[in-house]
1. Look at segment 152-176 and say how many of its residues are in a loop (DSSP other than H, G, I, E, B), among the hydrophobic types (A, V, I, L, M, F, W, C) and over 22 Å from the mean Cα position of the chain (by Cα).
2. In segment 15-33, how many are among the charged types (D, E, K, R) and over 25 Å from Pro323 (Cα atoms)?
3. Give me a count of the residues in segment 101-114 that are in contact (Cβ under 8 Å) with a residue 60 or more places away in the chain and open to solvent by 30 Å² or more (accessible area, probe 1.4 Å).
4. Any residue in segment 1-30 that's closer than 17 Å to Asp56 by Cβ and modelled with pLDDT of 95 or more: show its pairings with residues that are β-branched (Val, Ile, Thr) and assigned to a helix (DSSP H, G or I) at Cβ separation under 6 Å, as long as the two are six or more apart or on different chains.
5. For segment 179-210, which residues satisfy the criterion of being out of contact with any Gly (no Cβ under 9 Å at 6 or more places or on another chain), surrounded by 15 or more Cβ atoms within 10 Å (Cβ to Cβ) and at pLDDT 95 or above?
6. Out of Leu290, Leu241, report the one residue that is crowded, with 20+ Cβ neighbours inside 10 Å and either farther than 22 Å from Glu119 by Cα or small (Gly, Ala, Ser) (or both).
7. Of the conditions (1) modelled with pLDDT under 90; (2) crowded, with 18+ Cβ neighbours inside 10 Å; (3) not aromatic (Phe, Trp, Tyr), Pro174 fails just one. Which one is it?
8. Working only within segment 211-233, note down all residues that are closer than 27 Å to Ala279 by Cα, open to solvent by less than 70 Å² (accessible area, probe 1.4 Å) and not small (Gly, Ala, Ser).
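The values are calculated or read from the model by the stated rules, or taken from the named source; none is laboratory data. Note that the structure is a prediction, hence the values are computed from the model and not measured. Positions of Cβ are backbone-derived with ideal geometry, glycine not excepted, and every protein chain shown enters the neighbour counts. Keep in mind that these areas ignore ligands, DNA and RNA; they rest on the heavy atoms of the full protein, side chains included. Shrake-Rupley method; radii C 1.70, N 1.55, O 1.52, S 1.80 Å.
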Amino acid sequence: KRHEEAMASYDKAIALRPDYAEAHNGRGKVLGELNRLEEAIESFDRAITSQPDYGDAHQNLAMFLLQSGRFERGWEKYEWRLKAPDFKSVPPAANLPHWRTGDETKRLLIWAEQGVGDEILFAGLLSETDKLSSDVWAMVDSRLIPLFERSMPQIQFLPYSQEAAEDVFDIQIPLGSLGRYLRNSMDDFKNVRRSFLVAENNRAKLLRRELCPSGNILCGISWKSKNSAMGPEKSMSLSDLAPILEIDNLTSVNLQYGDTDEEVENLKSRTGVDLKQCASVDNFKDLDGLAALIEACDIVVTTSNTTAHMAGAIGKDTLLILPAGKGLLWYWNNKENGEPDGQNLWYPNIRSFRG
């Protein structure tokens, strides 16, 4: 995080060798962490000019173009993710051709990629896939299927772990590529729905009565990301949220996935705050239950993780705490200039705040 020294080193390397693509790419990353988006974009462009097949530079450029609202070019560069060595999602039907204009009468298979958060994000586009095909199937994480089936009955869902029978489909597209056809300008976001996933309402009501019989405001809390590349940058400690949890007439419930027992116990012993645990919902395995638990809340406070996507998708008022530099993901932008504080483009009910 010694950004100025890093910049000086990259600048010196580039002065010695102006076509040094790796140095331009690294310099762009540093500029991105400093939120100097235009300069970052310029550095990635220079890296690509020097080395046209430089996949990492194309991917980095995509992120900053999308963050700054230049969607058409950003989505074009975003396709480079499919060629990246660390791209782990595999097309379930390898021999099917990619969707193209004119394929609207063909049977379309959409397959999920990049993890549950991204699956939820791009699921917001599934209701518009009738523009691509009248017969749509989607392969997603099996934990999401009950929630997705309730919310989008017009689409047929299959677990991503299942082998795809290629004779059932004619064409395919990865889920993350839908934006290229459905979100190419700010105007395309004008009709974004406040919610596109539907939690199980009766279960939510029961959870509400169980967790908050006092009639207090019920606030869902999540504070960690388990992302292997930037999880620490996107995370807080539970104790950082103590000032919120100590507000009068507020009952807080744990929405964080993973083992949090030690942090919850430490918080209670230090502050007296009793963060409610919902024994009937596993926040990692039972994603339909997590949606119901979020629906039971009046408001959610979270960092950038799956909880934020789930809360946004079901239309829950959410306060999202973001990192200032590294870990600030492109889709949390809200304005054409990429400024992340304020209302979110993808989830209108989320308000973002940088740490």
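1. Going residue by residue through segment 152-176, those that are in a loop (DSSP other than H, G, I, E, B) are 152-155, 160-165, 169-170.
Of the ones still in play, those that are also among the hydrophobic types (A, V, I, L, M, F, W, C) are 152, 155, 164-165, 169.
Now drop any that are not over 22 Å from the mean Cα position of the chain (by Cα), which leaves 164-165, 169.
Residues that pass the stated criteria total 3.
2. First, pick out the residues of segment 15-33 that are among the charged types (D, E, K, R): 17, 19, 22, 27, 29, 33.
Still in the running and over 25 Å from Pro323 (Cα atoms): 17, 19, 22.
So the count comes out to 3.
3. At the first step, the residues of segment 101-114 found to be in contact (Cβ under 8 Å) with a residue 60 or more places away in the chain are 103, 106-114.
The next check asks that each one be open to solvent by 30 Å² or more (accessible area, probe 1.4 Å); those that pass are 106-107, 114.
Selection size over segment 101-114: 3.
4. Final answer for the pair search is Ala6/Val30; Tyr20/Ile14; Ala23/Ile14.
5. Val198, Ala199, Ala204, Arg208
6. On the way: Leu290 fails: either farther than 22 Å from Glu119 by Cα or small (Gly, Ala, Ser) (or both).
Sole residue among the options that is crowded, with 20+ Cβ neighbours inside 10 Å and either farther than 22 Å from Glu119 by Cα or small (Gly, Ala, Ser) (or both): Leu241.
7. (1)
8. Leu211, Cys212, Asn216, Leu218, Cys219, Ile221, Trp223, Lys224, Asn227
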